[in-house]
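Okay, structure first, notes after.
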Amino acid sequence: MNQVRIQMRQVTREAPLPEPVPASPWLNPTQLDRPSFLLSFPFSYSTRVANNPWMQDLPPDRREPALIYQLPTPRGADLQDLVYTANLGIVLEHLPDKNTVVISNFASEPRRGETEVGTKFFRDMGYEVHVPPTKFEGEAELKHLHDDLYVGGYGIRSERETYDWMEATFDMRIIKVRLVDPYLYHLDCLVFPITKENTLVCTELLEKDAVAEIEKVTNVIDVSVDDCYSGICNSVRLPKTVLNSSHIHDLKLGTEDYKREVHKNRQLEDIAANFALEVSYFNLSEFHKSGALLSCMVMHLNRNSYTFILTA
């Protein structure tokens, strides 16, 4: 198979926005009447560059994955985090054409090459592609609640100005919340919409005004800082199931880490049960070495999972 070498370039504030691509004659995954997501095989997964506090806490010998595929994606690229597709961009759910994606303008240096990869990928699928002029790291930072309403995190990896640009460009409303904990550096560590009407929020780590704005538009289910550190909000909603990461079987019974993981799992299961949802866990301990959890690995191509309303 012929391989095309993609020239990497950094997207800066001065970079011109790409010209919109005409709509394709076929349906893209966002337009399908079934749940659609984007994932990436970890062919270029690496922990070489410690670009977040979780990684920096681990010495290099403990951070090294037990197994790594030495097959860059694309060939010639050094993209250690491409597997974390939640940071690649966001498909804007509220737009009627279901054909618009905003690709990330990364703050993290080893991730900047992903912008070119994401732009080409979605253009090839017929999407209208945009790249913001300011920093933004995908749906991990911008959670869709309902209608044209989103919550956007800024202050660590994304910039508030990005959301001003989005509101003006795409006729959307964004509740902007400042992130302050360096370990919970994307919004998906603190906010998880479990249904269209109910959202898990770590209110302790958000400014009161921001929490009040969120409470006006969704039922807030408060979750603790400890549970957020254990990844309660780093979940993904399927029609009848909530997906979450848990490495509880790797932990020693009776330790503080074990107790925290049990508490997080039970809390999530109790919340999910109130909406007749089950919880499925995946051991992603290898990916913990790069400071990531389950929601980091899934990009929504539509939100059809949220159209299912179950009764407990």
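Look through the stretch 264-290, keep the residues that are over 30 Å from D61 (Cβ atoms) and in contact with a helix residue (DSSP H, G or I) (Cβ under 9 Å, 6 or more places away or on another chain), and return whichever of them is most open to solvent (accessible area, probe 1.4 Å). Give the derivation first.
Filtering the stretch 264-290 down to residues over 30 Å from D61 (Cβ atoms) leaves 266-280.
With the extra rule that they be in contact with a helix residue (DSSP H, G or I) (Cβ under 9 Å, 6 or more places away or on another chain), the set shrinks to 267-268, 277-279.
Values: Q267: 61, L268: 0, L277: 13, E278: 126, V279: 33 Å².
Among those that are over 30 Å from D61 (Cβ atoms) and in contact with a helix residue (DSSP H, G or I) (Cβ under 9 Å, 6 or more places away or on another chain), it is E278.
When the residues of the stretch 115-134 are filtered to those that are free of Cβ contacts under 8 Å to residues at least 40 places away in the same chain and surrounded by fewer than 22 Cβ atoms within 10 Å (Cβ to Cβ), which remaining residue is farthest from M299 (Cα to Cα)?
The qualifying residue farthest from M299 (Cα to Cα) is D124.
Is it fair to say Y306 is of a type outside the set (D, E, K, R) and under 20 Å from the mean Cα position of the chain (by Cα)?
Numbers: of a type outside the set (D, E, K, R): yes; under 20 Å from the mean Cα position of the chain (by Cα): yes.
When the stated conditions are applied, Y306 passes them.
Take the conditions surrounded by fewer than 13 Cβ atoms within 10 Å (Cβ to Cβ), at pLDDT below 90 and of a type outside the set (K, R) and apply them to V11. Does it pass?
no
For the list (1) in contact (Cβ under 8 Å) with a residue 12 or more places away in the chain; (2) in a loop (DSSP other than H, G, I, E, B); (3) open to solvent by 80 Å² or more (accessible area, probe 1.4 Å), I need the number of the one condition that K252 fails.
The single condition K252 does not satisfy is (1).
Which one of T119, T134, T169 is part of a loop (DSSP other than H, G, I, E, B) and hydroxyl-bearing (S, T, Y)?
Answer to the check: T134.
Name the pairs: first residue in the stretch 290-311 and in contact (Cβ under 8 Å) with a residue 60 or more places away in the chain, second residue basic (K, R) and part of a helix (DSSP H, G or I), Cβ to Cβ under 7 Å, at least 6 apart or on different chains?
Listed by first residue and then by second, the contacts come to nothing, as the list is empty.
Residues of the stretch 43-58 being open to solvent by 40 Å² or more (accessible area, probe 1.4 Å) and in contact with a Phe, Trp or Tyr (Cβ under 7 Å, 6 or more places away or on another chain), which ones?
F43, W54
I need a count of the residues in the stretch 187-217 that are in a loop (DSSP other than H, G, I, E, B) and either of a type in the set (D, E) or open to solvent by 10 Å² or more (accessible area, probe 1.4 Å) (or both).
7
Looking at the stretch 149-159, which of its residues are more than 14 Å from the chain's Cα centre (by Cα) and either polar (S, T, N, Q) or open to solvent by less than 40 Å² (accessible area, probe 1.4 Å) (or both)?
If the condition is that a residue be more than 14 Å from the chain's Cα centre (by Cα) and either polar (S, T, N, Q) or open to solvent by less than 40 Å² (accessible area, probe 1.4 Å) (or both), then L149 is the only one that fits.
Scan (1) open to solvent by less than 80 Å² (accessible area, probe 1.4 Å); (2) hydrophobic (A, V, I, L, M, F, W, C); (3) out of contact with any Pro (no Cβ under 6 Å at 6 or more places or on another chain) for the single condition I309 breaks and write down its number.
It is condition (1) that I309 fails.
Mind checking whether some residue in the stretch 88-110 is of a type in the set (A, V, I, L, M, F, W, C), farther than 30 Å from D33 by Cβ, open to solvent by 10 Å² or more (accessible area, probe 1.4 Å) and in a loop (DSSP other than H, G, I, E, B)?
Just the residues of the stretch 88-110 that are of a type in the set (A, V, I, L, M, F, W, C), to begin with: 88, 90-92, 95, 101-103, 106-107.
Retained after the next criterion (residues that are farther than 30 Å from D33 by Cβ): 106-107.
From what is left, the residues that are open to solvent by 10 Å² or more (accessible area, probe 1.4 Å) are 107.
Still in the list and also in a loop (DSSP other than H, G, I, E, B): 107.
Within the stretch 88-110 (the criterion being of a type in the set (A, V, I, L, M, F, W, C), farther than 30 Å from D33 by Cβ, open to solvent by 10 Å² or more (accessible area, probe 1.4 Å) and in a loop (DSSP other than H, G, I, E, B)), the answer is yes, since at least one residue qualifies.
Taking only pairs six or more apart or across chains, which ones have beta-carbon atoms under 8 Å, a first residue in the stretch 259-280 that is in contact (Cβ under 8 Å) with a residue 12 or more places away in the chain and polar (S, T, N, Q), and a second residue that is open to solvent by 60 Å² or more (accessible area, probe 1.4 Å) and not in a strand (DSSP E or B)?
N274/A312
Checking N302 against (1) modelled with pLDDT of 95 or more; (2) open to solvent by less than 50 Å² (accessible area, probe 1.4 Å), only one condition comes out false. Which one?
Looking at each condition in turn, N302 falls short on (1).
Of the numbered conditions (1) under 21 Å from V191 (Cα atoms); (2) small (G, A, S); (3) in a helix (DSSP H, G or I), G152 fails exactly one; give the number of that condition.
Among (1) under 21 Å from V191 (Cα atoms); (2) small (G, A, S); (3) in a helix (DSSP H, G or I), G152 violates only (3).
Working only within the stretch 160-186, note down all residues that are surrounded by 16 or more Cβ atoms within 10 Å (Cβ to Cβ), under 16 Å from the mean Cα position of the chain (by Cα) and in contact (Cβ under 8 Å) with a residue 40 or more places away in the chain.
Within the stretch 160-186, L184, Y185, H186 qualify.
Of all residues in the stretch 155-166, how many are over 17 Å from L88 (Cα atoms) and part of a helix (DSSP H, G or I)?
Filtering the stretch 155-166 for residues over 17 Å from L88 (Cα atoms) gives 155, 160-161, 164-165.
From what's left, part of a helix (DSSP H, G or I): 160-161, 164-165.
Total meeting the criteria: 4.
Suppose the filter is outside any helix (DSSP H, G or I) and within 22 Å of L145 (Cβ to Cβ); does I271 pass it?
no
The values are calculated or read from the model by the stated rules, or taken from the named source; none is laboratory data. Bear in mind the structure is a predicted one, so any value in this text is a computation, not a measurement. We place every Cβ from the backbone using ideal geometry, glycine too, and count neighbours over all the protein chains shown. These accessible areas exclude ligands, DNA and RNA; they are computed on the full protein's heavy atoms, side chains included. Shrake-Rupley method; radii C 1.70, N 1.55, O 1.52, S 1.80 Å.
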